[in-house]
Amino acid sequence: MKKSIKNSIRFFSIVLVVIVYITTLILSSNITDIKTFLSVSNIIVLFIFLLIAFLGGTIISNLITFPIKKIEKGMKSVSEGKIIDTRHLKDYANFSELDELVDSYTLMMELIKKNNFDLNSQQSKTEIILEHMADGVIAFSISRQVVHMNKSAMRLLGIGKQEDTFEKIINKLNIKLDFDKIMYLPNYKTIEAKITIAENNLNIVFVPFFSDRLSPMGVIMVIRNITESVKLDNMRKEFVANVSHELKTPLTSIKGYSETIMNGDLTYQEIARFSKVINQEANRMDRLVADLLQLSRFDYKKVSWKKMMFSIVDVAKGVCEKMKYAAKEKNHKLECIVTVEPPNVYADRDAIEQVIMNIVSNSIKYTKDGGTITVYVGSINNNVYIKVIDNGIGIPPQDLNRIFERFYRVDKARSRKMGGTGLGLSIVKEIIDGNNGTIDIKSEVNKGTEVIITLPTKIKN
Ligand SMILES: Nc1ncnc2c1ncn2[C@@H]1O[C@H](COP(=O)(O)OP(=O)(O)O)[C@@H](O)[C@H]1O
Ligand SMILES: [Mg+2]
């Protein structure tokens, strides 16, 4: 059995006192026989010395063991994950040898504290990043338990804390996947799955993670919402299909009519009629390509607006004048009315003229013969507005919010017959946005349509 420092010091103090006492007694030659040696007074003095030795030993041993005890307590705390303060430890170390021990201990504690701090801040940084990521992240241990799941993962997959294993989550998502297959994937390989939950297109990637010694420790699942990119991809495909179709239709006519002309045996009148069709179709292609080029300039931000202060009344009246003949052809009554003389607007004059032309030409096209189209210009609360009102065929409510999409038309055949490309309103929207204006359409089927545009009157910083 090991001896404690305390008992050893007490023992040595007592032995020392006894030896010193006996030696003193002998040397003082008071001792003549054993009787005198064991006299009551001598024994009492011996007891008092022994008591003093015991207490002295206890005090000295305490002075030595106190910092050792503290260090021991500190070690225990470290092993339990707590760290104790070492600042006052030095005050208790009463011997230079202990000073060194306390110094080493303090140094060690400081190092542990620093490492702990680094580790904690690293951990909380990682946790903050994971929690605020738009992508969902779930980590599974080798025993297939969820060890981490961020909020995005729960939101995207519609799951909660109760789904706490790989199997529960995979079953809920209806994916067939083997955990071991992921765990033993070759280096840098992942498994991907695409699913749709609540109208969201999700891309899920499974990847194993390893310890330092490269043994598999679990699986990470990363969930990304790809709805927007799927939508964009579909829009792109739709756009290409639309462009091809729009170009193919006039091309087929041009090809057919020109081949007929080339085959000969046609009267002069027939040739003239077919040539007119070819010319009309070529014009349609020309318009389409011009519209596409304009949109592509918007897309690539190649448009530089020539903004200036100008009178919107002049522009609106000019448009009405230019469209007079087109309106007359359909027996429409086209009017331009200034309700309140508005201040000048700050925008690109030519582009705004194109906007009003487009809207008035739509009203002319989509109003039965003999209709009324009125362009109102005015201002309320220092806001300049242009209102184009017709009593035409109107737009069904379900089509209203798609009307600014490229190639979107309520009635394709009708639009084509009218020479429309289906790109007019998308160009209008780009111009209005680029000039800091607003556009709003109200419509009722068989009653008519009202397009309201507002434009800025001040230079926007
Ligand atoms: N004033 C209107 N009355 C009824 N329908 C309209 C009106 N303006 C636009 N539309 C509808 O919106 C669609 C898109 O208009 P637009 O982009 O100018 O294409 P386009 O005129 O070439 O067909 C038209 O095809 C038509 O169905
Ligand atoms: Mg149009």
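Nothing in this text is a laboratory measurement; each read-out follows from the coordinates by a stated rule. This structure is a prediction, so every number in the text was calculated from the model and none was measured. We place every Cβ from the backbone using ideal geometry, glycine too, and count neighbours over all the protein chains shown.
Between residue 40 and residue 104, what is the FRET efficiency for a Förster distance of 56 Å, r being their Cβ-Cβ separation, to the nearest 0.05?
0.60
I want to check the label-to-label distance for residue 209 and residue 142. Put each point 7 Å from Cα in the C-beta direction and report it in nm to one decimal.
A separation of 1.5 nm, rounded to one decimal place.
When the chain is fully extended, how far beyond the present Cα-Cα distance does residue 133 get from residue 329, taking 0.36 nm per residue of separation?
64.5 nm
Listed here are the pairs 301/324; 365/458; 333/442; which of them are more than 32 Å apart at the Cα?
Cα-Cα > 32 Å for 301/324; 365/458; rest within.
Grab the eigenvalues of the alpha-carbon gyration tensor for the range 307-455, scale each by 5, take roots, and send me the semi-axes largest first in whole angstrom.
23, 17, 14
Let me know the charge dipole size of the chain about its Cα centre in debye, to the nearest 20, where only the beta-carbon of Lys, Arg (+1) and Asp, Glu (-1) is charged.
380
For residue 62, what is the net charge nearby, where nearby means another residue's Cβ is under 13 Å from its Cβ and Lys, Arg count +1, Asp, Glu -1?
+4
From the C-alpha coordinates alone, can you work out the Kirkwood hydrodynamic radius of the chain, in Å?
32.6
For residue 336, enumerate residues with amide H under 5 Å from its amide H, sequence gap 5+ or separate chain, H modeled in the peptide plane.
375
Given the DSSP H assignment, sum -39500 (n - 2.57) over each helix run of at least 4 residues in the chain and divide by its residue total; what's the result at 222 nm in deg cm²/dmol, nearest 500?
-18500 deg cm²/dmol
Could you compute the FRET efficiency for residue 241 and residue 416, with r as their C-beta to C-beta distance and R0 at 22 Å, rounded to 0.05?
In this case the efficiency is close to 0.90.
May I ask you to sort 159, 453 by Cβ crowding, counting other Cβ atoms within 10 Å and putting the fewest first?
Placing the least packed residue first, the sequence is 159, 453.
How many angstrom lie between the C-alpha centres of the range 400-461 and the range 208-237?
A separation of 40 Å, based on Cα centres.
Between residue 184 and residue 18, what is the spin-label point distance in nm, taking each point 7 Å from the Cα along the Cα→C-beta axis?
Here the modelled spin labels are 7.4 nm apart.
Find out how many positive minus negative residues lie around residue 420, taking Lys and Arg as positive, Asp and Glu as negative, among other residues whose Cβ is under 15 Å from that of residue 420.
So the surrounding residues net to +3.
Label the range 293-333 by shape, choosing from rounded, prolate and oblate, from the square roots a ≥ b ≥ c of the eigenvalues of the Cα gyration tensor; if a/c is under 1.5 it is rounded, and otherwise prolate applies when a/b is larger than b/c, oblate when it is not.
Cα axes put the range 293-333 in the oblate bin.
In whole Å, how far is the Cα centre of the range 294-308 from that of the range 120-189?
Each part's Cα centre sits 46 Å from the other's.
What does the charge count near residue 331 come to, summing +1 for each Lys or Arg and -1 for each Asp or Glu among other residues with Cβ under 13 Å from its Cβ?
Taking every Cβ under 13 Å from that of residue 331, the sum is +3.
Which lysines, if any, have their Cα less than 30 Å from the Cα of residue 176, not counting same-chain residues under 8 positions apart?
151, 161, 168, 189, 194, 231
Hey, if you drop one equal point scatterer on each alpha-carbon of the range 387-446 and run the Debye formula without solvent, what base-10 log of I(q)/I(0) do you get at q = 0.18, 0.31 Å⁻¹?
After summing over all Cα pairs, the log10 values are -0.70, -1.36.
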